[in-house]
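Take this structure first; my questions come after.
The values are calculated or read from the model by the stated rules, or taken from the named source; none is laboratory data. Keep in mind that what you see is a predicted model, and the values were worked out from it rather than measured. Here the Cβ positions follow ideal geometry from the backbone for every residue, glycine too, while neighbour counts run over all protein chains shown. Heads up: the accessible areas ignore ligands, DNA and RNA and are worked out on the full protein's heavy atoms, side chains in. Shrake-Rupley method; radii C 1.70, N 1.55, O 1.52, S 1.80 Å.
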Amino acid sequence: MTKLDEIGTWLRDRLPDLLAESRVPGAVVAVGHGERTVDVAAGVLNTATGVEATADSIFQIGSITKVLTATLAMQLVDEGELDLDAPVRRYLPEFRIADERAAARITVRQLLSHVAGFEGDIFTDTGKGDDCVEKYVDVLREVPQLFEPGAMFSYNNAGFCVLGRIIEVVRGAPFDACMRAHLFAPLGLTHAAGDPYEAILHRAAVGHIEPAPGAAPQPAPVWALARSNAPAGSMLAMRARDLLTFVRMHLDGGVGPDGARVLSPRSVAAMRVPQITQPDIDQGAAWGLGWELFDLSGDTVFGHDGNTVGQSAFLRVVPGKDVALALVTNGGSPKRVFRQIERRVLRELGGVEPPATPMPDPALAPAPDAARYTGTYASSTSETTVSQDEQGRLWLERLPIGVTAELDELPYRTELVTWRGDTLIPVEPEHGVRAPLAFLGDDGRGHAAYLHTGRADRRVTR
(Lines give C-alpha, C1' and ligand atoms only; values in the text may rest on other atoms or scores of the structure.)
Protein backbone atom coordinates (compact mmCIF):
# COMPACT_ATOMS: atom_id res chain seq x y z
CA MET A 1 0.00 0.00 0.00
CA THR A 2 1.38 3.41 -1.02
CA LYS A 3 1.35 6.49 1.21
CA LEU A 4 -1.46 7.90 -0.94
CA ASP A 5 -3.51 4.73 -0.36
CA GLU A 6 -2.89 5.08 3.37
CA ILE A 7 -4.10 8.68 3.25
CA GLY A 8 -7.22 7.55 1.39
CA THR A 9 -7.96 4.90 3.99
CA TRP A 10 -7.46 7.41 6.81
CA LEU A 11 -9.78 9.91 5.14
CA ARG A 12 -12.54 7.34 4.64
CA ASP A 13 -12.31 6.41 8.32
CA ARG A 14 -11.81 9.86 9.79
CA LEU A 15 -13.62 12.40 7.58
CA PRO A 16 -17.16 11.78 8.92
CA ASP A 17 -15.98 12.39 12.48
CA LEU A 18 -13.98 15.49 11.51
CA LEU A 19 -17.10 16.97 9.93
CA ALA A 20 -19.25 16.14 12.93
CA GLU A 21 -16.73 17.67 15.35
CA SER A 22 -16.80 20.98 13.44
CA ARG A 23 -20.49 20.82 12.44
CA VAL A 24 -19.69 20.82 8.72
CA PRO A 25 -22.71 19.35 6.88
CA GLY A 26 -20.75 17.86 3.98
CA ALA A 27 -17.38 17.84 2.26
CA VAL A 28 -15.21 16.24 -0.39
CA VAL A 29 -11.42 15.85 -0.12
CA ALA A 30 -9.19 15.14 -3.11
CA VAL A 31 -5.48 14.36 -2.77
CA GLY A 32 -3.18 14.09 -5.75
CA HIS A 33 0.30 12.56 -5.72
CA GLY A 34 1.95 12.34 -9.08
CA GLU A 35 -0.55 11.09 -11.64
CA ARG A 36 -2.80 9.43 -9.03
CA THR A 37 -5.71 11.02 -7.16
CA VAL A 38 -7.93 9.75 -4.36
CA ASP A 39 -11.12 11.54 -3.36
CA VAL A 40 -13.39 10.94 -0.39
CA ALA A 41 -16.82 12.37 0.41
CA ALA A 42 -18.85 12.49 3.62
CA GLY A 43 -21.96 14.16 5.00
CA VAL A 44 -24.81 15.81 3.12
CA LEU A 45 -25.10 18.49 0.47
CA ASN A 46 -28.19 20.04 2.02
CA THR A 47 -29.47 19.47 5.54
CA ALA A 48 -33.02 20.24 4.37
CA THR A 49 -33.06 17.43 1.78
CA GLY A 50 -30.53 15.01 3.24
CA VAL A 51 -28.92 14.37 -0.16
CA GLU A 52 -25.57 12.71 0.49
CA ALA A 53 -22.29 14.14 -0.71
CA THR A 54 -20.40 12.00 -3.23
CA ALA A 55 -16.98 12.39 -4.83
CA ASP A 56 -18.73 13.73 -7.95
CA SER A 57 -20.61 16.44 -6.04
CA ILE A 58 -19.80 20.03 -6.94
CA PHE A 59 -19.18 22.74 -4.34
CA GLN A 60 -18.47 26.42 -4.86
CA ILE A 61 -14.73 27.04 -4.78
CA GLY A 62 -15.11 30.77 -4.03
CA SER A 63 -11.94 32.80 -4.40
CA ILE A 64 -9.91 29.85 -5.65
CA THR A 65 -11.59 30.99 -8.88
CA LYS A 66 -9.11 33.87 -8.88
CA VAL A 67 -6.31 31.49 -9.80
CA LEU A 68 -8.32 30.34 -12.82
CA THR A 69 -9.01 33.98 -13.73
CA ALA A 70 -5.29 34.71 -13.39
CA THR A 71 -4.53 31.75 -15.66
CA LEU A 72 -6.92 33.15 -18.30
CA ALA A 73 -5.04 36.45 -18.08
CA MET A 74 -1.66 34.75 -18.40
CA GLN A 75 -2.87 32.93 -21.52
CA LEU A 76 -3.37 36.38 -23.05
CA VAL A 77 0.17 37.30 -21.99
CA ASP A 78 1.39 34.19 -23.81
CA GLU A 79 -0.49 35.32 -26.92
CA GLY A 80 1.01 38.79 -26.77
CA GLU A 81 -2.40 40.34 -26.20
CA LEU A 82 -1.87 41.50 -22.61
CA ASP A 83 0.99 43.42 -20.97
CA LEU A 84 1.06 42.95 -17.19
CA ASP A 85 2.82 46.26 -16.62
CA ALA A 86 0.50 48.30 -18.80
CA PRO A 87 -2.07 50.53 -17.11
CA VAL A 88 -5.55 49.06 -16.88
CA ARG A 89 -6.79 51.94 -19.03
CA ARG A 90 -4.90 50.62 -22.05
CA TYR A 91 -7.57 47.91 -22.17
CA LEU A 92 -10.41 49.66 -20.31
CA PRO A 93 -10.28 53.39 -21.13
CA GLU A 94 -13.51 53.80 -19.15
CA PHE A 95 -11.97 52.49 -15.88
CA ARG A 96 -12.69 54.98 -13.08
CA ILE A 97 -12.42 55.00 -9.29
CA ALA A 98 -12.78 57.94 -6.90
CA ASP A 99 -9.06 58.75 -7.09
CA GLU A 100 -8.43 59.77 -10.70
CA ARG A 101 -4.66 59.84 -10.26
CA ALA A 102 -4.62 56.26 -8.96
CA ALA A 103 -7.03 55.06 -11.66
CA ALA A 104 -4.65 56.26 -14.36
CA ARG A 105 -1.67 54.46 -12.80
CA ILE A 106 -3.02 51.07 -11.68
CA THR A 107 -1.55 48.23 -13.75
CA VAL A 108 -2.76 44.76 -14.66
CA ARG A 109 0.00 43.25 -12.51
CA GLN A 110 -1.26 45.20 -9.50
CA LEU A 111 -4.74 43.75 -9.99
CA LEU A 112 -3.30 40.23 -10.12
CA SER A 113 -1.29 40.65 -6.92
CA HIS A 114 -3.84 42.56 -4.78
CA VAL A 115 -1.83 45.78 -4.52
CA ALA A 116 -4.04 48.12 -6.59
CA GLY A 117 -5.06 49.86 -3.37
CA PHE A 118 -8.75 50.62 -3.88
CA GLU A 119 -11.61 49.28 -1.74
CA GLY A 120 -11.98 45.66 -2.76
CA ASP A 121 -15.15 44.26 -1.21
CA ILE A 122 -17.73 45.62 -3.62
CA PHE A 123 -20.48 43.08 -4.28
CA THR A 124 -22.99 45.17 -6.23
CA ASP A 125 -25.41 43.03 -8.24
CA THR A 126 -25.53 44.38 -11.79
CA GLY A 127 -27.88 41.73 -13.13
CA LYS A 128 -27.61 38.30 -14.70
CA GLY A 129 -26.91 39.33 -18.28
CA ASP A 130 -23.69 38.86 -20.19
CA ASP A 131 -22.98 42.56 -19.65
CA CYS A 132 -22.98 42.30 -15.83
CA VAL A 133 -19.17 42.50 -15.45
CA GLU A 134 -19.04 45.51 -17.77
CA LYS A 135 -21.74 47.23 -15.68
CA TYR A 136 -19.91 46.28 -12.48
CA VAL A 137 -16.73 48.10 -13.55
CA ASP A 138 -18.80 51.26 -14.03
CA VAL A 139 -20.06 50.94 -10.41
CA LEU A 140 -16.49 51.42 -9.14
CA ARG A 141 -16.41 55.13 -10.03
CA GLU A 142 -17.02 56.19 -6.42
CA VAL A 143 -14.88 53.51 -4.74
CA PRO A 144 -12.20 55.07 -2.49
CA GLN A 145 -8.47 54.54 -2.82
CA LEU A 146 -7.06 53.19 0.47
CA PHE A 147 -3.35 53.60 -0.31
CA GLU A 148 -0.99 54.32 -3.17
CA PRO A 149 -1.03 51.63 -5.89
CA GLY A 150 1.65 49.05 -5.14
CA ALA A 151 2.31 50.28 -1.59
CA MET A 152 0.94 47.28 0.29
CA PHE A 153 -1.13 44.12 0.06
CA SER A 154 -4.90 44.24 0.53
CA TYR A 155 -7.08 41.45 -0.80
CA ASN A 156 -9.18 42.89 -3.61
CA ASN A 157 -12.22 41.11 -5.04
CA ALA A 158 -13.14 44.14 -7.13
CA GLY A 159 -9.70 44.12 -8.73
CA PHE A 160 -10.27 40.63 -10.08
CA CYS A 161 -13.64 41.68 -11.49
CA VAL A 162 -11.80 44.43 -13.37
CA LEU A 163 -9.35 41.77 -14.56
CA GLY A 164 -12.30 39.66 -15.71
CA ARG A 165 -13.57 42.59 -17.74
CA ILE A 166 -10.14 42.99 -19.38
CA ILE A 167 -10.32 39.32 -20.40
CA GLU A 168 -13.79 39.88 -21.85
CA VAL A 169 -12.67 42.90 -23.88
CA VAL A 170 -9.52 41.26 -25.25
CA ARG A 171 -11.30 37.98 -26.04
CA GLY A 172 -14.49 39.61 -27.29
CA ALA A 173 -16.66 37.22 -25.26
CA PRO A 174 -18.39 37.10 -21.84
CA PHE A 175 -16.24 35.97 -18.93
CA ASP A 176 -18.12 32.69 -18.45
CA ALA A 177 -17.65 31.81 -22.11
CA CYS A 178 -13.92 32.54 -21.84
CA MET A 179 -13.68 30.25 -18.82
CA ARG A 180 -15.44 27.40 -20.61
CA ALA A 181 -13.56 27.77 -23.90
CA HIS A 182 -10.04 28.35 -22.57
CA LEU A 183 -9.97 26.26 -19.37
CA PHE A 184 -12.90 23.88 -18.96
CA ALA A 185 -12.67 22.53 -22.52
CA PRO A 186 -8.88 22.06 -22.85
CA LEU A 187 -8.68 20.55 -19.35
CA GLY A 188 -11.66 18.25 -19.93
CA LEU A 189 -13.45 19.42 -16.79
CA THR A 190 -16.73 17.53 -16.74
CA HIS A 191 -18.00 18.62 -13.32
CA ALA A 192 -17.66 22.41 -13.32
CA ALA A 193 -20.47 24.95 -13.34
CA GLY A 194 -20.16 28.67 -13.91
CA ASP A 195 -23.66 29.54 -12.72
CA PRO A 196 -26.73 27.99 -11.04
CA TYR A 197 -28.18 26.97 -14.42
CA GLU A 198 -25.21 24.68 -14.98
CA ALA A 199 -24.90 23.65 -11.32
CA ILE A 200 -28.43 22.21 -11.25
CA LEU A 201 -27.32 19.62 -13.83
CA HIS A 202 -24.96 18.19 -11.20
CA ARG A 203 -25.16 16.95 -7.64
CA ALA A 204 -24.61 20.42 -6.15
CA ALA A 205 -23.94 21.50 -2.57
CA VAL A 206 -25.90 24.23 -0.81
CA GLY A 207 -24.13 26.56 1.62
CA HIS A 208 -25.07 26.64 5.30
CA ILE A 209 -24.86 29.47 7.83
CA GLU A 210 -25.38 29.75 11.59
CA PRO A 211 -28.62 31.63 12.38
CA ALA A 212 -27.27 32.38 15.88
CA PRO A 213 -24.01 31.73 17.76
CA GLY A 214 -23.78 28.04 18.54
CA ALA A 215 -26.86 27.14 16.48
CA ALA A 216 -26.83 24.26 14.03
CA PRO A 217 -25.95 25.32 10.46
CA GLN A 218 -29.01 25.98 8.29
CA PRO A 219 -29.26 26.20 4.48
CA ALA A 220 -28.28 29.70 3.32
CA PRO A 221 -31.03 31.94 1.91
CA VAL A 222 -29.31 32.19 -1.49
CA TRP A 223 -27.06 29.83 -3.44
CA ALA A 224 -24.50 32.35 -4.65
CA LEU A 225 -23.42 35.99 -4.73
CA ALA A 226 -23.89 38.18 -7.80
CA ARG A 227 -22.81 37.02 -11.25
CA SER A 228 -21.00 40.34 -11.68
CA ASN A 229 -18.40 39.06 -9.20
CA ALA A 230 -17.83 35.79 -11.06
CA PRO A 231 -14.18 36.57 -11.99
CA ALA A 232 -13.46 36.97 -8.25
CA GLY A 233 -15.24 33.76 -7.23
CA SER A 234 -18.95 34.37 -6.67
CA MET A 235 -20.27 31.50 -8.79
CA LEU A 236 -17.85 28.79 -9.89
CA ALA A 237 -18.61 25.32 -8.53
CA MET A 238 -16.48 22.24 -9.19
CA ARG A 239 -15.83 18.80 -7.89
CA ALA A 240 -12.61 18.48 -5.92
CA ARG A 241 -11.06 16.07 -8.44
CA ASP A 242 -11.56 18.53 -11.32
CA LEU A 243 -9.93 21.27 -9.28
CA LEU A 244 -6.88 19.04 -8.99
CA THR A 245 -6.96 18.54 -12.77
CA PHE A 246 -6.45 22.29 -13.07
CA VAL A 247 -3.58 22.09 -10.56
CA ARG A 248 -2.07 19.17 -12.47
CA MET A 249 -1.78 21.41 -15.52
CA HIS A 250 0.23 23.91 -13.47
CA LEU A 251 2.45 21.15 -12.06
CA ASP A 252 3.04 19.83 -15.58
CA GLY A 253 4.36 23.17 -16.81
CA GLY A 254 1.12 24.26 -18.47
CA VAL A 255 0.33 21.03 -20.35
CA GLY A 256 -3.22 19.69 -20.16
CA PRO A 257 -4.31 16.08 -19.63
CA ASP A 258 -4.39 15.36 -23.38
CA GLY A 259 -0.86 16.71 -23.92
CA ALA A 260 -1.98 20.03 -25.42
CA ARG A 261 -0.44 23.21 -24.09
CA VAL A 262 -2.78 25.38 -22.00
CA LEU A 263 -0.22 27.81 -20.55
CA SER A 264 3.45 28.45 -21.25
CA PRO A 265 6.08 27.22 -18.78
CA ARG A 266 7.20 30.82 -18.43
CA SER A 267 3.74 31.96 -17.31
CA VAL A 268 3.34 28.98 -14.98
CA ALA A 269 6.57 29.99 -13.26
CA ALA A 270 5.75 33.71 -13.27
CA MET A 271 2.53 33.12 -11.36
CA ARG A 272 4.56 31.79 -8.42
CA VAL A 273 7.09 34.63 -8.25
CA PRO A 274 6.44 36.75 -5.12
CA GLN A 275 5.05 40.18 -5.99
CA ILE A 276 4.31 41.46 -2.48
CA THR A 277 4.81 40.14 1.05
CA GLN A 278 1.84 39.81 3.38
CA PRO A 279 1.54 41.16 6.93
CA ASP A 280 2.30 38.75 9.77
CA ILE A 281 -1.26 37.45 10.23
CA ASP A 282 -0.86 33.65 9.92
CA GLN A 283 -1.78 33.63 6.25
CA GLY A 284 0.60 33.18 3.35
CA ALA A 285 4.04 34.76 3.29
CA ALA A 286 3.51 36.51 -0.03
CA TRP A 287 1.32 36.78 -3.11
CA GLY A 288 2.22 35.94 -6.67
CA LEU A 289 0.10 36.46 -9.80
CA GLY A 290 -3.08 34.82 -8.54
CA TRP A 291 -1.43 32.28 -6.24
CA GLU A 292 -1.01 32.73 -2.51
CA LEU A 293 2.54 31.74 -1.59
CA PHE A 294 3.17 30.13 1.77
CA ASP A 295 6.93 30.67 1.57
CA LEU A 296 8.94 33.38 -0.10
CA SER A 297 10.43 31.05 -2.71
CA GLY A 298 7.02 30.22 -4.14
CA ASP A 299 8.24 26.67 -4.68
CA THR A 300 7.57 24.94 -1.36
CA VAL A 301 3.83 25.42 -0.84
CA PHE A 302 1.35 27.54 -2.76
CA GLY A 303 -2.42 27.57 -3.01
CA HIS A 304 -5.56 29.58 -2.31
CA ASP A 305 -8.67 29.52 -0.13
CA GLY A 306 -12.23 30.49 -1.01
CA ASN A 307 -15.42 31.46 0.78
CA THR A 308 -18.89 32.16 -0.59
CA VAL A 309 -22.36 32.03 0.96
CA GLY A 310 -21.91 29.24 3.50
CA GLN A 311 -19.35 27.34 1.42
CA SER A 312 -15.56 27.19 1.87
CA ALA A 313 -12.78 25.62 -0.16
CA PHE A 314 -9.06 25.08 0.44
CA LEU A 315 -6.25 24.27 -1.99
CA ARG A 316 -2.58 23.55 -1.24
CA VAL A 317 0.17 22.41 -3.59
CA VAL A 318 3.68 21.12 -2.83
CA PRO A 319 5.31 21.28 -6.27
CA GLY A 320 8.62 19.70 -5.28
CA LYS A 321 6.81 16.54 -4.15
CA ASP A 322 4.08 16.63 -6.85
CA VAL A 323 1.39 16.78 -4.15
CA ALA A 324 -1.92 18.66 -4.20
CA LEU A 325 -4.77 18.80 -1.69
CA ALA A 326 -8.29 20.18 -2.20
CA LEU A 327 -11.09 20.34 0.37
CA VAL A 328 -14.56 21.67 -0.47
CA THR A 329 -17.18 22.17 2.26
CA ASN A 330 -20.63 23.65 2.83
CA GLY A 331 -20.79 25.21 6.30
CA GLY A 332 -19.83 24.91 9.95
CA SER A 333 -16.20 25.50 10.96
CA PRO A 334 -14.36 24.03 7.96
CA LYS A 335 -10.95 25.53 8.66
CA ARG A 336 -10.54 23.25 11.69
CA VAL A 337 -11.23 20.27 9.41
CA PHE A 338 -8.78 21.54 6.84
CA ARG A 339 -6.00 22.10 9.37
CA GLN A 340 -6.12 18.47 10.46
CA ILE A 341 -6.19 17.08 6.94
CA GLU A 342 -3.52 19.50 5.72
CA ARG A 343 -1.19 18.56 8.54
CA ARG A 344 -1.29 14.86 7.72
CA VAL A 345 -1.24 15.16 3.92
CA LEU A 346 1.52 17.77 3.69
CA ARG A 347 3.66 16.02 6.29
CA GLU A 348 3.36 12.44 4.95
CA LEU A 349 3.23 13.13 1.20
CA GLY A 350 4.85 16.54 0.87
CA GLY A 351 7.51 16.38 3.55
CA VAL A 352 6.30 19.76 4.80
CA GLU A 353 5.31 20.63 8.35
CA PRO A 354 2.51 23.25 8.33
CA PRO A 355 2.92 25.93 11.00
CA ALA A 356 1.18 25.40 14.31
CA THR A 357 -2.24 26.97 14.72
CA PRO A 358 -1.81 30.30 16.53
CA MET A 359 -3.27 30.25 20.03
CA PRO A 360 -3.80 33.16 22.43
CA ASP A 361 -2.40 33.23 25.92
CA PRO A 362 -5.01 35.09 28.01
CA ALA A 363 -2.38 35.45 30.74
CA LEU A 364 -0.47 37.84 28.52
CA ALA A 365 -0.85 41.52 29.25
CA PRO A 366 -2.59 43.65 26.63
CA ALA A 367 -0.35 45.22 24.03
CA PRO A 368 1.83 47.90 25.66
CA ASP A 369 0.91 50.53 23.07
CA ALA A 370 -2.85 50.12 23.30
CA ALA A 371 -3.52 53.72 22.30
CA ARG A 372 -2.01 52.94 18.89
CA TYR A 373 -4.69 50.34 18.23
CA THR A 374 -7.91 51.77 19.70
CA GLY A 375 -10.35 53.37 17.31
CA THR A 376 -12.76 52.47 14.53
CA TYR A 377 -11.79 50.88 11.20
CA ALA A 378 -14.23 50.52 8.33
CA SER A 379 -14.73 48.88 4.95
CA SER A 380 -17.76 48.31 2.74
CA THR A 381 -18.55 45.05 4.55
CA SER A 382 -17.80 45.75 8.23
CA GLU A 383 -17.13 48.33 10.90
CA THR A 384 -14.64 47.31 13.58
CA THR A 385 -14.08 49.12 16.86
CA VAL A 386 -11.10 48.43 19.13
CA SER A 387 -11.45 49.77 22.67
CA GLN A 388 -9.69 49.50 26.02
CA ASP A 389 -11.54 48.85 29.30
CA GLU A 390 -10.72 50.14 32.78
CA GLN A 391 -8.52 47.12 33.47
CA GLY A 392 -6.43 47.91 30.40
CA ARG A 393 -7.77 44.99 28.32
CA LEU A 394 -8.32 45.45 24.59
CA TRP A 395 -11.63 44.50 22.97
CA LEU A 396 -12.63 44.14 19.34
CA GLU A 397 -16.23 44.51 18.18
CA ARG A 398 -17.06 43.97 14.52
CA LEU A 399 -20.44 44.82 13.02
CA PRO A 400 -21.27 43.42 9.58
CA ILE A 401 -22.66 45.95 7.10
CA GLY A 402 -23.69 45.84 3.48
CA VAL A 403 -23.84 42.44 1.81
CA THR A 404 -22.45 40.59 4.84
CA ALA A 405 -25.28 41.88 7.02
CA GLU A 406 -27.80 40.93 4.34
CA LEU A 407 -26.44 37.37 4.42
CA ASP A 408 -26.94 37.19 8.20
CA GLU A 409 -23.26 37.34 9.13
CA LEU A 410 -23.19 37.68 12.92
CA PRO A 411 -21.54 40.47 14.94
CA TYR A 412 -18.28 39.41 16.58
CA ARG A 413 -16.79 40.48 19.91
CA THR A 414 -13.57 39.25 21.48
CA GLU A 415 -10.70 40.29 23.68
CA LEU A 416 -7.38 40.88 21.90
CA VAL A 417 -4.04 39.88 23.40
CA THR A 418 -0.41 40.17 22.31
CA TRP A 419 0.83 37.76 19.66
CA ARG A 420 3.80 39.11 17.65
CA GLY A 421 4.78 42.76 17.39
CA ASP A 422 1.90 44.83 15.99
CA THR A 423 -0.11 41.68 15.36
CA LEU A 424 -2.68 40.78 18.01
CA ILE A 425 -4.77 37.64 18.34
CA PRO A 426 -8.41 37.20 19.41
CA VAL A 427 -9.19 35.15 22.50
CA GLU A 428 -12.59 34.02 21.20
CA PRO A 429 -12.70 32.11 17.90
CA GLU A 430 -14.90 33.11 14.99
CA HIS A 431 -16.26 30.19 12.96
CA GLY A 432 -13.88 28.02 14.92
CA VAL A 433 -10.78 30.06 14.02
CA ARG A 434 -8.71 32.67 15.85
CA ALA A 435 -7.34 34.83 13.05
CA PRO A 436 -4.51 37.22 14.02
CA LEU A 437 -4.83 40.84 12.88
CA ALA A 438 -2.16 43.45 12.29
CA PHE A 439 -2.18 47.18 12.93
CA LEU A 440 -0.18 48.94 10.24
CA GLY A 441 0.98 52.41 9.31
CA ASP A 442 0.52 55.67 11.19
CA ASP A 443 -2.24 58.26 10.89
CA GLY A 444 0.16 61.06 11.81
CA ARG A 445 -0.96 61.13 15.45
CA GLY A 446 0.61 57.92 16.69
CA HIS A 447 -2.35 55.68 15.82
CA ALA A 448 -2.39 52.76 13.38
CA ALA A 449 -3.76 53.79 10.00
CA TYR A 450 -5.01 50.32 9.06
CA LEU A 451 -6.43 47.22 10.67
CA HIS A 452 -5.24 44.38 8.46
CA THR A 453 -6.93 40.97 8.35
CA GLY A 454 -5.83 40.17 4.82
CA ARG A 455 -7.75 43.27 3.80
CA ALA A 456 -6.69 46.72 4.93
CA ASP A 457 -9.54 48.47 6.76
CA ARG A 458 -8.79 52.16 7.11
CA ARG A 459 -9.08 54.07 10.39
CA VAL A 460 -12.05 56.43 10.33
CA THR A 461 -12.64 59.59 12.36
CA ARG A 462 -15.95 59.99 14.17
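Are there any GluC sites (Glu not before Pro) in the stretch 369-458 that are in a DSSP loop and have at most 13 other Cβ atoms within 10 Å? List them by number.
The qualifying sites are Glu390.
Calculate the spin-label point distance for Glu353 paired with Asp125, positioning each point 7 Å from the Cα along the beta-carbon direction, and give it in nanometres.
Rounded to a tenth, the inter-label distance reads 4.9 nm.
Okay, moving on. Can you give me the Cα centroid spacing of the stretch 222-282 and the stretch 26-105 in angstrom?
6
Related question: Could you look at the chain and say what percent of its accessible area is carbon and sulfur, using a 1.4 Å probe and all protein chains?
51
Something else about it: Give me a comma-separated list of calculated 3J(HN,Hα) values for the stretch 114-127, in order, Karplus coefficients 6.51, -1.76, 1.60 applied at θ = phi - 60°, integers in Hz, x for any Gly or Pro.
6, 10, 5, x, 9, 3, x, 9, 10, 10, 4, 8, 10, x
What order, most packed first, do the peptides 345-355, 307-317 have when packing is the mean number of other Cβ atoms within 10 Å of each residue?
The packing order, highest mean first, is 307-317, 345-355.
Per residue, how much accessible surface does the chain expose to a 1.4 Å probe? Answer in Å², no decimals.
39
Something else now. Checking the table Lys3/Lys335; Lys66/Lys335; Lys128/Lys335 against a 26 Å threshold on Cα-Cα, which pairs fail?
Lys128/Lys335
Still on this model: Quick check: residue separation of Leu440 and Thr190 times 0.36 nm, minus the Cα distance between them. What number comes out in nm?
85.5 nm
I need the helices of the chain that pass two filters: whole DSSP H segments spanning 15 Å or more by Cα along the axis, and mean Kyte-Doolittle score no lower than 0.0.
65-78, 157-171, 240-251
Search the structure for amide H atoms under 5 Å from the amide H of Arg203, placed 1.01 Å from N in the peptide plane, and list their residues when 5 or more places away or on another chain.
Counting only residues 5 or more places away or on other chains, the set is Ile58.
Rounded if a/c is under 1.5, else prolate if a/b is larger than b/c, else oblate: which is the stretch 107-208, with a ≥ b ≥ c the root eigenvalues of its Cα gyration tensor?
prolate
Scan around Ile276 for amide H atoms under 5 Å from its own, H built in the peptide plane at 1.01 Å from N, and keep only partners 5 or more places away or cross-chain.
Trp287
Taking the Cα centre of the chain as the origin, how large is its charge dipole in debye, to the nearest 20, when only Lys and Arg (+1) and Asp and Glu (-1) carry charge on their Cβ atoms?
Rounded to the nearest 20 debye, it is 400 debye.
Give me the distance between the Cα centres of the stretch 407-462 and the stretch 179-206, rounded to whole Å.
If you average the Cα positions of each part, the centres end up 37 Å apart.
Related question: Based on the mean of other Cβ atoms within 10 Å per residue, sort peptides 53-66, 71-84, 254-267 so the most packed one is first.
Packing order, densest peptide first, comes out as 53-66, 71-84, 254-267.
For the stretch 253-310, just say rounded, prolate or oblate: build the C-alpha gyration tensor, square-root its eigenvalues into a ≥ b ≥ c, call rounded for a/c under 1.5, and beyond that prolate if a/b exceeds b/c, oblate if not.
oblate
Please compute the length gained on full extension between Lys321 and Arg14, using 0.36 nm multiplied by the number of residues separating them and subtracting their Cα-Cα distance.
So the chain would gain 108.1 nm between Lys321 and Arg14.
For the chain, what does -39500 (n - 2.57) per DSSP helix run (n ≥ 4), summed and divided by total residues, give at 222 nm, in deg cm²/dmol to the nearest 500?
One gets -7000 deg cm²/dmol as the mean residue ellipticity at 222 nm.
Separate question: Residues of the stretch 61-81 with backbone nitrogen within less than 20 Å of a virtual label 7 Å along the Cα-to-Cβ line of Arg261, please, listed as ranges.
Inside the label zone: 70-81.
In Å and from the alpha-carbon atoms only, list the Rg and Dmax of the chain.
In Å, with Rg to one decimal and Dmax whole: 21.2, 67.
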